[in-house]
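Okay, so here's the structure we're looking at.
The values are calculated or read from the model by the stated rules, or taken from the named source; none is laboratory data. Because the structure is predicted, anything quoted here is derived from the model rather than measured. A quick note on method: Cβ atoms are made from the backbone with ideal geometry, for glycine too, and the neighbour counts reach across all protein chains shown. Protein only, heavy atoms only, side chains kept; ligands, DNA and RNA dropped before computing areas. Shrake-Rupley method; radii C 1.70, N 1.55, O 1.52, S 1.80 Å.
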Amino acid sequence: MPVLNEQAYLEQAVRTVLTQDVDGPTELVLALGPSVDGTTELARRLAATDPRIVLVDNPDVDIPTGLNRAIRASRYPTVVRVDAHSELSDGYTRTALTILARTRAANVGGVMRADGRTPFQRAVARAYNSPVGLGGAAYHGGAHAGAAESAYLGVMRRSVLDEVGMFDESIRRGEDWELNLRIRRAGYRVWFDPALSVTYWPRESWMRLARQFRATGAWRGELVRRYGRRNALRFFAPPALVAVIVLAMLIGILQAGHVLTGVGALIASAVYLPIVAYALLVLGLASAPRGGGWRDRLWTLAVLPTMHLCWGAGFYAGLLAGASGTVDTSRVDDRNTPLP
């Protein structure tokens with residue numbers, strides 16, 4: 001578990017890991033980044049109460065680095081990746097180990113069920129759980145088990161991780177997708193099963209969400225630079241939305257200035273249709289049944305465009321200039337770059 005500024009979530013996340021019913025010895029390795037909210041002190045208190053908790057330092061902050069340090073410090077042949085912002089469901093690990101053995105897969109994952117404690121966070125969760133929000137990947141609500149492109153978190157064979165080289169520490173976001181790509185290219189199977197579920201708590205503020213998705217989009221652009229069309233088609237939807245909006249703005253300026261008139265202006269107006277369709281889609285999700293209270297619905301109207309436009313804008317930045325200097329600062333308070 002890589003950990004950075006998770007004081008509000010860490011204790012419950014740890015509890016759901018340590019209460020897993022597993023046949024055999026287990027340990028929980030926490031890779032501690034330089035938190036400023038008391039997370040490190042909390043982790044040390046938790047470790048003092050349970051010998052299964054192992055602490056390793058992750059001064060470089062990045063998730064892949066922390067994961068690799070935690071894996072190298074671990075002792076057992078199966079690695080269960082967990083997240084400080086998530087909670088494992090009862091029986092998650094036992095079920096995953098059964099599926100891993102039955103399918104002979106190298107990595108097994110399940111459904112990420114986002115949830116929220118505030119109107120804003122619930123709106124983000126609704127977007128995460130909808131195909132409209134994150135593009136309909138299996139782990140965002142798939143109902144059928146089968147071979148998959150990637151796995152959320154993942155329960156992995158340590159021997160395969162050692163063979164393919166573990167997480168690529170040059171990739172700060174999308175590291176799980178890239179690892180699973182190498183696992184599949186090595187001839188192993190990645191498996192999705194909806195019997196596995198993990199509760200995920202999204203970012204708690206609009207600014208943090210925007211920073212998160214801008215960084216995620218930039219790193220997807222970087223991964224497209226590296227791997228091209230091995231990236232699924234759904235990853236190109238947000239940048240396409242950004243391109244349509246920019247084009248519509250340019251056409252609108254030309255129409256308003258009477259530079260574009262007549263039949264040409266009428267034909268060019270077709271560019272507004274995808275934007276109208278998108279707006280209706282957002283309105284439909286915001287007003288859907290079980291959409292929560294009026295504040296949840298209003299936040300949904302803001303959350304979806306924020307996710308898509310920040311992701312799409314970040315994508316172009318990463319695609320054109322690379323993402324090596326892009327850091328997700330959404331859990332580092334108001335700093336522009338992570339410590340140290």
* Asked: Hey, got the Cα dimensions of region 210-282 along the principal axes, in Å, largest first?
  -> 44, 26, 21
* Top positive-direction residue, dipole computed over the chain with Cβ charges, set G165, F192, A8 -> F192
* **Probe 1.4 Å - accessible area at E169, Å² to nearest ten** => 80 Å²
* Karplus (6.51, -1.76, 1.60) ³J(HN,Hα), θ = phi - 60°, over region 205-216, in Hz, Gly and Pro reported as x -> 9, 4, 5, 5, 4, 4, 5, 4, 6, 5, 5, 4
* **Computed accessible area, R182, all protein chains, 1.4 angstrom probe, square angstrom** => 50 Å²
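Could you rank the peptides 271-282, 31-42 by their average count of other C-beta atoms within 10 Å per residue, with the highest value first? Numbers along the way, then the final one.
Working: 271-282: 13.4, 31-42: 19.2.
Sorting 271-282, 31-42 by mean packing, highest first, produces 31-42, 271-282.
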* Bridge type composition, the chain - antiparallel percent by DSSP, nearest 5 -> 40 percent
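So what is the 222 nm mean residue ellipticity for the chain from helices alone, if each DSSP H run of at least 4 adds -39500 (n - 2.57) and you divide by all residues, rounding to the nearest 500 deg cm²/dmol? Kindly include the intermediate steps, with their values, before the conclusion.
Details: 13 runs with 168 residues, N = 340.
Roughly -15500 deg cm²/dmol at 222 nm, from the helical runs in the chain.
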* Structure fact -> With +1 at each Lys and Arg Cβ and -1 at each Asp and Glu Cβ, the charge dipole magnitude of the chain around its Cα centre, to the nearest 20 debye, comes out at 740 debye
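Which value, in debye to the nearest 20, gives the size of the charge dipole of region 79-200 about its Cα centre, when Lys and Arg are +1 and Asp and Glu are -1 at the Cβ? Please list the in-between numbers first.
Working: 16 positive and 13 negative charges, 47 e Å.
That gives a dipole near 220 debye.
Taking 0.36 nm per residue of sequence separation and subtracting the Cα-Cα distance, how much length would be gained by fully extending the chain between M249 and T118, in nm to one decimal? Please report the intermediate quantities before stating the final value.
Details: separation 131, 0.36 × 131 = 47.16 nm, distance 3.43 nm.
Extra length available between M249 and T118 comes to 43.7 nm.
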* Structure fact -> Once all protein chains are kept in place, L97 shows an accessible area at probe 1.4 Å, nearest 10 Å², of 60 Å²
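If you roll a 1.4 Å probe over the chain with all protein chains in place, what percent of the accessible area is carbon or sulfur? Can you show the working numbers first?
On the way: 9170 of 15670 Å².
Within the chain, the accessible surface is 59 percent carbon and sulfur.
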* Hey, how many Å between the Cα centroid of region 83-100 and the Cα centroid of region 137-215? -> 14 Å
